[in-house]
Structures are given as C-alpha cells and as structure tokens.
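Peer 1: Sharing a structure with you now.
The values are calculated or read from the model by the stated rules, or taken from the named source; none is laboratory data. Just so it is clear, the model here is predicted, and its values are computed rather than measured.
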C-alpha cells in the first residue's frame, strides 16, 4: 500500500504495514501489523467470507492506545487504514507537493 489517507482525503506520513500470518485458525490467517512512527497501533485480520459466513473484508483484531477497545469490520483495507489514521489528527502531516 503506497498512500494512506485520512477521512478528509489528506495523505499521511509515518504509517507502515507488516504482512503477517495470525494463528487464529489452522494454517493462519492473513493479517497486517499497523505501525505509526515505529509503534504498533493496530492488528488487522483479513476476513475470509467462506470460513466465517460473513462478508469478506478486514477486522480490527486489536488496537493500542487511542484504538484500544475498538473492534470493528471494514469492507476494504483502504477503509480500515483511513479509519485508523483518522484517530491521529493531532499528528497529521500533509505530504509536501513536489
């Protein structure tokens, strides 16, 4: 994923993603560790429609700090990352136009 945007459409810096396998089911599930300024802020799990009998998408497995206690489904990865980024408005930085 190249660009992360806030709910207001601004590009954000300092977010990184690490693809992982989560040991939630036999064989593991695809997931992402969401990092903000080298700190883990969330773990997302890709939901398999066939396995869970729900619409596929991304689930916020756990959040830390500002995202603590939040568990929700997102239809797309972009929706999930935008929602996460929206919880860091004080640290929002626009990417310089070059």
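Peer 1: Of the residues that make up segment 32-55, is at least one at pLDDT 90 or above and not in a strand (DSSP E or B)?
Peer 2: No, because not a single residue in segment 32-55 is at pLDDT 90 or above and not in a strand (DSSP E or B).
Peer 1: Taking the condition of being under 21 Å from residue 25 (Cα atoms) and modelled with pLDDT of 90 or more, how many residues in segment 58-74 meet it?
Peer 2: Residues meeting the conditions: 9.
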